[in-house]
Structure formats: structure tokens, C-alpha cells
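The values are calculated or read from the model by the stated rules, or taken from the named source; none is laboratory data. Note that this is a predicted model, so its numbers are computed, not measured. Note that each Cβ is placed from the backbone with ideal geometry, even for glycine, and that neighbours are counted across all protein chains shown. Note: accessible area is taken over every heavy atom of the protein model, side chains too, but ligands, DNA and RNA are not part of it. Shrake-Rupley method; radii C 1.70, N 1.55, O 1.52, S 1.80 Å.
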Amino acid sequence: MDEQGLPQGFEAPTADGEDAGPAAGLISQYVKDLSFENPNAPGIYQAQTAPGIDVQFNIAASQVGEEVHELVLKIEVRAESEGKTAFIVDLSYAGLFGFRNVPADQIQPFMLGEAPRLLFPFARRVLADAVRDGGFPPLMLEPIDFAQLYLQQAEAQAGTAQPNTPETGHA
């Protein structure tokens with residue numbers, strides 16, 4: 001706590017009442033693109049084996065306004081049974097996030113770690129509903145730790161950026 005009783009990193013409102021502390025929040029979320037394909041219907045419903053499922057994720061963040069960023073969580077699912085495509089789903093689920101008084105170096109970690117965590121449950125529901133509406137049991141994806149994935153990717157990039165730098169430790 002600082003001398004004004006506020007947590008570290010937060011500031012009291014200015015004399016004119018404006019809040020100078022950092023703030024980040026979800027403004028809106030929406031389906032940006034959704035495609036469901038069932039190319040082998042109705043024959044695929046006669047398949048005797050459960051389909052094998054391949055799920056791919058991609059996250060893209062971009063600045064769309066002075067203090068507004070968009071995150072697009074793209075989920076691609078391909079299901080195959082007995083050598084035939086059962087279904088294909090492509091979902092791009094997006095959210096707009098607003099930032100005020102947030103240091104620039106903190107926006108990317110938020111957008112690639114925290115923002116997808118906030119959007120994922122809603123994207124998961126849209127995907128499950130699309131699969132169910134296509135005549136298959138709903139596909140319920142397991143939760144994903146996006147913050148951990150971001151940290152792993154950042155560490156991997158840091159490791160490839162400085163391949164000849166020996167690691168040093170301090171005891």
C-alpha cells in the first residue's frame with residue numbers, strides 16, 4: 001500500500017476527479033465468423049466408430065482504436081470417422097478490450113494471456129452448439145491455460161532470440 005492506502009501500481013483520482021489508475025476491460029464480444037460443414041451427411045450418421053477429433057487454436061490481437069484492441073480466438077475443428085470427414089467447424093470469436101493508463105508493455109501479455117481466457121468459455125459454447133445443431137453430440141473443449149501458453153511461447157522466443165547467451169544463475 002502507498003501513503004494514500006492504495007495498492008501498489010494504482011493511483012488516486014486527479015484533482016479534477018479523473019481516474020489516473022490503470023484499467024482494462026471487455027467492451028464487447030461477438031462471433032466474427034462461423035462455418036460448419038457436414039460434407040458426408042447423411043451417410044456419416046451410420047458410422048459405427050466415434051470420430052477422431054483434431055482441434056487447432058490461433059490467437060490474433062490488433063489495435064483498432066486509440067485505447068481499444070481486438071482479440072480474435074480462432075478455433076478449427078476437424079472430425080473424421082472411418083476415413084471420412086464427419087464435420088468441420090471454423091469459429092472466429094472476437095472481443096474488444098479497452099485500456100486506460102496501461103503501460104504499452106503490459107498490453108500484449110494481457111491480450112495474449114488474459115483476454116483469451118475471458119473469451120474462451122463463450123467461444124466453447126458457440127462451438128458446442130454448432131456441433132450439436134449439426135447432428136452430433138456437443139463438443140465440449142477442455143479449459144485452456146492461455147497465460148501459461150503465452151509464458152511458454154515468450155520463453156521460447158527469448159531463447160531463440162539469444163541462442164549464444166549462456167544462462168547465469170545467482171544463489
Has the range 64-72 got at least one residue that is surrounded by 15 or more Cβ atoms within 10 Å (Cβ to Cβ), within 11 Å of the chain's Cα centre (by Cα) and of a type in the set (A, V, I, L, M, F, W, C)?
yes
Taking the condition polar (S, T, N, Q) and over 23 Å from Asp129 (Cα atoms), does Gln63 pass?
yes
Six or more apart or on different chains, Cβ atoms under 7 Å: show the pairs whose first residue is in the range 130-146 and at negative phi and of a type in the set (Gly, Ala, Ser) and whose second is part of a loop (DSSP other than H, G, I, E, B) and open to solvent by less than 100 Å² (accessible area, probe 1.4 Å).
Gly134/Asn38
Selection status of Asp90, touching a Lys or Arg at 6+ places or on another chain (Cβ under 9 Å) and farther than 20 Å from Ala47 by Cα:
yes
Enumeration of residues in the range 86-104 that are open to solvent by 20 Å² or more (accessible area, probe 1.4 Å), touching a residue at least 40 places away in the same chain (Cβ under 8 Å) and more than 13 Å from the chain's Cα centre (by Cα)
Ile88, Asp90, Arg100, Asn101, Val102, Pro103
Take Arg78 and tell me if it is basic (Lys, Arg) and closer than 20 Å to Tyr30 by Cα.
no
Which of the residues spanning the range 105-151 are among the small types (Gly, Ala, Ser), out of contact with any Phe, Trp or Tyr (no Cβ under 9 Å at 6 or more places or on another chain) and open to solvent by 20 Å² or more (accessible area, probe 1.4 Å)?
Ala147
Assess whether Gln108 counts as being without any contact (Cβ under 8 Å) to a residue 12 or more places away in the chain and touching a helix residue (DSSP H, G or I) at 6+ places or on another chain (Cβ under 9 Å).
no
If Ala41 satisfies all but one of (1) within 16 Å of Val131 (Cβ to Cβ); (2) aliphatic (A, V, I, L, M); (3) outside any loop (DSSP other than H, G, I, E, B), what's the number of the condition it fails?
(3)
Residue count, the range 87-112 (criterion: modelled with pLDDT under 95 and aliphatic (A, V, I, L, M))
5
